[in-house]
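Presented below is the structure to which this report refers.
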Amino acid sequence: MPDPILSLRDVTLALDGNAGRVEILRGISLDVATGETLGLIGPSGSGKSSLLMLMGGLERATTGTITAAGHDLSAMGEDALARFRRHHMGVVFQSFHLIPTMTALENVATPLELAGAGDAFDRAEQELRAVGLGDRLDHYPAQLSGGEQQRVALARAAAPRPRLLLADEPTGNLDGSTGEAIMELLFGLRDRHGATLVLVTHAPELAERCDRVLRLVDGRLDGAAEAGARAAE
């Protein structure tokens, strides 16, 4: 494998709840190569979304190290992590996370402005047109369908030209035909910007399009799935 853009070593995640300490992830070690598309699958509650949040610096590991684009995420404070994500990562969630009081154009342009881009609105418009929303620039999220809101979220994630694109069940809240359209756009954005894509999904047809698929079971990487992925490399 070429030098990894993402590397996890002996990562664990444990959270304290009403019933005591719960182990979410246990001993996760993996490398993701630059330009690779990695699918994360597994039953509900297996830790897929938690693993993706760790990769994005949106959750902190209990133990272990996570290196992304040459940066040790565990050594960075919250402000540094936010700056890192603005410049290096795009994140797409199942529930869109758009700001309801901002138009589609503003939702995409605002993170670019925060990152210091002087052409934030031009780039935002370009990305929205690329996902087929050139006629929805001034619409607010409540005026958009679920599929259109996810297109805005994809445009927002792609606009900074991220090296890493993380997607958590991006088609989970959409009907079949709309989900298929979003899937095509997601892989199209990956191809257009050359980003490395890590994707959490329950959809077999989405996982099948990935270069490699890893399965999580009870917070651990499934040995058989991991071995099969290595054999395919």
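The values are calculated or read from the model by the stated rules, or taken from the named source; none is laboratory data. Please read these numbers as outputs of a predicted model, since none were measured by experiment. Quick reminder, even Gly has a Cβ in these numbers, built from the backbone with ideal geometry, and neighbours come from all protein chains shown. Just so you know, the surface numbers come from the protein's heavy atoms only, side chains and all, with ligands and any DNA or RNA stripped out. Shrake-Rupley method; radii C 1.70, N 1.55, O 1.52, S 1.80 Å.
Given the criterion polar (S, T, N, Q) and farther than 30 Å from Ser46 by Cβ, identify the matching residue among Gln126, Gln150.
It is Gln126.
Could you tell me whether Ala181 is part of a helix (DSSP H, G or I) and small (Gly, Ala, Ser)?
Against the criterion (part of a helix (DSSP H, G or I) and small (Gly, Ala, Ser)), Ala181 qualifies.
Being out of contact with any Gly (no Cβ under 6 Å at 6 or more places or on another chain), open to solvent by less than 40 Å² (accessible area, probe 1.4 Å) and farther than 27 Å from Ala61 by Cα is true for just one of Ala120, Ala82, Ala115. Which residue is that?
Matching residue, one of Ala120, Ala82, Ala115: Ala120.
Taking the condition under 20 Å from the mean Cα position of the chain (by Cα), at pLDDT 80 or above and more than 24 Å from Thr12 (Cβ to Cβ), does Leu221 pass?
Considered against the rule, which asks whether it is under 20 Å from the mean Cα position of the chain (by Cα), at pLDDT 80 or above and more than 24 Å from Thr12 (Cβ to Cβ), Leu221 comes out as no.
Just to verify a result, which residue in region 137-146, among those that are part of a helix (DSSP H, G or I) and open to solvent by less than 40 Å² (accessible area, probe 1.4 Å), is farthest from Gly176 (Cα to Cα)?
For region 137-146, the residue satisfying everything is Pro141.
Could you check region 1-38 and list, in sequence order, the residues that are farther than 21 Å from Leu197 by Cβ and in contact with a Ser or Thr (Cβ under 8 Å, 6 or more places away or on another chain)?
Arg9, Asp10, Thr12, Leu13, Ala14, Glu23, Ile24, Arg26, Gly27
Scan region 180-201 for residues that are over 19 Å from Ile41 (Cα atoms), touching a helix residue (DSSP H, G or I) at 6+ places or on another chain (Cβ under 7 Å) and aliphatic (A, V, I, L, M) and report the count.
Total satisfying the criteria: 3.
Looking only at region 192-208, decide whether some residue is among the charged types (D, E, K, R) and modelled with pLDDT under 85.
yes
Considering each of Gly45, Gly57 in turn, give the residue that is small (Gly, Ala, Ser), free of Cβ contacts under 8 Å to residues at least 60 places away in the same chain and open to solvent by 40 Å² or more (accessible area, probe 1.4 Å).
The conditions single out Gly45.
How about region 10-22: which of its residues are loosely packed, with under 14 Cβ neighbours inside 10 Å and in contact (Cβ under 8 Å) with a residue 12 or more places away in the chain?
The answer is Asp10, and nothing else.
Take the residues of region 147-173 that are touching a Phe, Trp or Tyr at 6+ places or on another chain (Cβ under 8 Å), free of Cβ contacts under 8 Å to residues at least 60 places away in the same chain and not hydrophobic (A, V, I, L, M, F, W, C): which is surrounded by the fewest Cβ atoms within 10 Å (Cβ to Cβ)?
Gln149
Which one of these does Gly219 not meet: (1) of a type outside the set (Val, Ile, Thr); (2) over 23 Å from Ser29 (Cα atoms); (3) crowded, with 20+ Cβ neighbours inside 10 Å?
Of everything listed in (1) of a type outside the set (Val, Ile, Thr); (2) over 23 Å from Ser29 (Cα atoms); (3) crowded, with 20+ Cβ neighbours inside 10 Å, Gly219 misses just condition (2).
So His202 ticks every box in (1) open to solvent by less than 50 Å² (accessible area, probe 1.4 Å); (2) under 27 Å from Pro4 (Cα atoms) but one. Which box is left unticked?
Every condition holds for His202 apart from (1).
Counting only residues that are modelled with pLDDT of 90 or more and of a type outside the set (D, E, K, R), which one in region 158-186 is nearest to Ser7 (Cα to Cα)?
The residue in question is Leu164.
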